[in-house]
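Worksheet: the structure to be examined is printed underneath.
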Amino acid sequence: MALTREQLAQRVAQEFQDGYYINLGIGIPTLAANYIPAGVEVMLQSENGLLGMGPFPLDEEVDADLINAGKQTVTMARGASLFSSAESFAMIRGGHVDLTVLGAFEVDCKGNIASYMIPGKLIKGMGGAMDLVAGADNIIVTMTHASKHGESKLLSECTLPLTGKGCIKRVLTDLALLDIEDGSFILRERAPGVSIEEIVNLTAGKLVVPDEVPEMTFAAGQPGGN
Amino acid sequence: MGRTSPASNNIQHRIQGAKMSGFDKVVGSYEEALAGLEDNMTVIAGGFGLCGIPENLIKEIRRKGTRGLTVVSNNCGTDKYGLGILLVDKQIKKMVASYVGENAMFESQMMSGELEVELTPQGTLAEKMRAGGAGIPAFYTATGYGTPVGEGKEVREFNGRQYILEEAIQGDFSIAKAWKADRYGNLVFRKTARNFNPMAVTAGRIAVVEVEEIVEVGSLDPDEIHLPGIYVNRLIQGTFEKNIEQRTVRSA
């Protein structure tokens, strides 16, 4: 079975380590904040100028001056700090953020990512995505493995305008967790019940399948847990 | 290139009368705040989405009817609020922004070619403003290398990595919003409404700032001032709608 959005978020959160400063993109990456493992303390960076983002506010706490990069009202966690956009991107470009998680339309086996524009169709802009992929060493891309029509989004060469070149080393899809090394996707884990054959068939870029490819595991009581 | 603008200061002195300190930046009306803004100028605006936008200064540009503007701002508001209201009468010729979604009028004017758009990565945009205000004509960044943003730009390698040369931005005017100021234009921002505002202020030849409260000089702790008044040319107190784009809440 392909992973649900919640399971994707939960698998992302398994990568969180105690003391990490993390930037989460809009969508599934943001959901990962709901599954921070027990005993792990992370601080979420929102590129509009907040380090230490808290949950959504209670109705009476809503403050128009306190939003996240998705323009949603939020709160501040204990130990939060506030700063300008220039300071925020100094953090990002200076490599001070430990982990960046963001979505994409396509990635390829050279580590290229396309996530911000579909010419003629969707031209909204890159926001902070280009800075995030250029500035972070540790990036996880979350995406569906293939389109609704079964076309692979893990390619040998991205077809859409690039957000970043040669900067992606890890991809989590609804079917698999893959690393990108030396011009190949390396299959690291598969979603529970998804066969290697299915992943091979839906991966257009060069794919290396190690002898052992374990299924992802989810903690009991969580989505996908036993 | 100079930060000071004697012309605007003279205007202020006339407005304020002879008794005011030369450091007093307060003007009496929004009309005075944007005096001298003319067609085809470049305006740098602070704000992120609808958070921390100089909403009354934008409304004054709408009222003035200034046209052919190049506007530099992270976003272009929504159909109803913020910089989006300058699209109604097609006052913006060119928009430099990192993200322009959620605005149907923007999209239609962009698609029809009436509105020129230069998409700029958010961090590059912030740094272009910062550099513009700090006398740095250009800087190298890895952001955008190998993407459409890097096309036609100088590439240089440092320590084995490729960087592109990005040029600073300066505006004829900058418009920004802060929380509090003293009459000398020392600014304090509030929460994430700070965003692009400090850099926007520094990058404008005439920097106009609107605030929620103007306090007496000396009442702000110098340590709490986020941006010194040296960058500010005109200051005005306004009332703000503070619209929220996405009101997200949790239940107790």
Discussion item. When you check residue A:135 against the structure, is it away from chain B (no Cβ under 11 Å) and either closer than 17 Å to residue B:98 by Cβ or among the aromatic types (Phe, Trp, Tyr) (or both), yes or no?
Written reply: no
Discussion item. Can you go through B:93, B:80 and tell me which one is basic (Lys, Arg), more than 25 Å from residue A:84 (Cα to Cα), touching a Ser or Thr at 6+ places or on another chain (Cβ under 9 Å) and open to solvent by 10 Å² or more (accessible area, probe 1.4 Å)?
Written reply: B:93
Practice prompt. Name every residue in region B:170-196 that is open to solvent by 20 Å² or more (accessible area, probe 1.4 Å) and under 14 Å from the mean Cα position of the chain (by Cα), in order of residue number.
Written response: B:170, B:172, B:194
Discussion item. Being at the interface with chain B (Cβ under 7 Å from one of its Cβ atoms) and surrounded by fewer than 21 Cβ atoms within 10 Å (Cβ to Cβ) is the filter here; which residues of region A:50-64 pass it?
Written reply: A:55, A:56, A:57, A:58, A:59, A:62, A:63, A:64
Discussion item. Out of the residues in region B:111-126 meeting the condition of being free of Cβ contacts under 8 Å to residues at least 40 places away in the same chain and within 7 Å of chain A (Cβ to nearest Cβ), tell me which one is farthest from residue A:132 (Cα to Cα).
Written reply: B:119
Discussion item. Suppose we filter region B:226-241 for residues that are surrounded by 17 or more Cβ atoms within 10 Å (Cβ to Cβ) and within 14 Å of chain A (Cβ to nearest Cβ); how many remain?
Written reply: 4
Item to complete: Considering (1) within 30 Å of residue B:80 (Cα to Cα); (2) at pLDDT below 95, say which one residue B:239 fails and leave the rest.
Response: (2)
Worksheet item: Out of all the residues in region B:145-157, is one or more within 28 Å of residue B:243 (Cβ to Cβ) and in contact with an Asp or Glu (Cβ under 8 Å, 6 or more places away or on another chain)?
Response: no
Worksheet item: Given (1) at pLDDT 95 or above; (2) on the phi > 0 side of the Ramachandran plot, where does residue A:27 come up short, assuming only one miss?
Response: (1)
Worksheet item: Within region A:124-135, can one find any residue that is assigned to a loop (DSSP other than H, G, I, E, B), open to solvent by less than 40 Å² (accessible area, probe 1.4 Å) and free of Cβ contacts under 8 Å to residues at least 24 places away in the same chain?
Response: yes
Worksheet item: For residue B:141, all conditions in the list (1) modelled with pLDDT of 95 or more; (2) over 30 Å from residue A:157 (Cβ atoms) hold save one; what is the number of the exception?
Response: (2)
Response to the item:
Matching residues in region A:163-191 (under 12 Å from residue A:141 (Cβ atoms), outside any strand (DSSP E or B) and within 14 Å of another protein chain (Cβ to nearest Cβ)) number 3
Item to complete: May I ask you to verify whether residue A:120 is surrounded by fewer than 21 Cβ atoms within 10 Å (Cβ to Cβ), facing another protein chain (nearest Cβ under 10 Å), of a type outside the set (A, V, I, L, M) and at positive phi?
Response: yes
Item to complete: Take residue B:244 and decide whether it is open to solvent by less than 60 Å² (accessible area, probe 1.4 Å), within 26 Å of residue A:68 (Cα to Cα) and of a type in the set (Val, Ile, Thr).
Response: yes
Item to complete: May I ask you to list the residues in region A:184-213 that are open to solvent by 70 Å² or more (accessible area, probe 1.4 Å) and either modelled with pLDDT under 95 or within 21 Å of the chain's Cα centre (by Cα) (or both)?
Response: A:188
Worksheet item: Among the residues of region B:22-45, is any modelled with pLDDT of 95 or more and within 14 Å of chain A (Cβ to nearest Cβ)?
Response: yes
Worksheet item: In region B:113-138, which residues are in a loop (DSSP other than H, G, I, E, B) and open to solvent by 10 Å² or more (accessible area, probe 1.4 Å)?
Response: B:113, B:114, B:135, B:136, B:137
Worksheet entry | Any chance residue B:105 is within 12 Å of another protein chain (Cβ to nearest Cβ), at pLDDT below 95 and open to solvent by 40 Å² or more (accessible area, probe 1.4 Å) | no
Item to complete: Go through the residues of region A:140-161 one by one and say whether even a single one is part of a helix (DSSP H, G or I), open to solvent by 10 Å² or more (accessible area, probe 1.4 Å) and within 14 Å of chain B (Cβ to nearest Cβ).
Response: no
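The values are calculated or read from the model by the stated rules, or taken from the named source; none is laboratory data. These numbers were taken from a predicted model, which means no experiment stands behind them. Neighbour counts are summed over all protein chains in view; Cβ atoms, including those assigned to glycine, are modelled from backbone coordinates with ideal geometry. Side chains included, ligands, DNA and RNA excluded: accessible areas come from the protein's heavy atoms. Shrake-Rupley method; radii C 1.70, N 1.55, O 1.52, S 1.80 Å.
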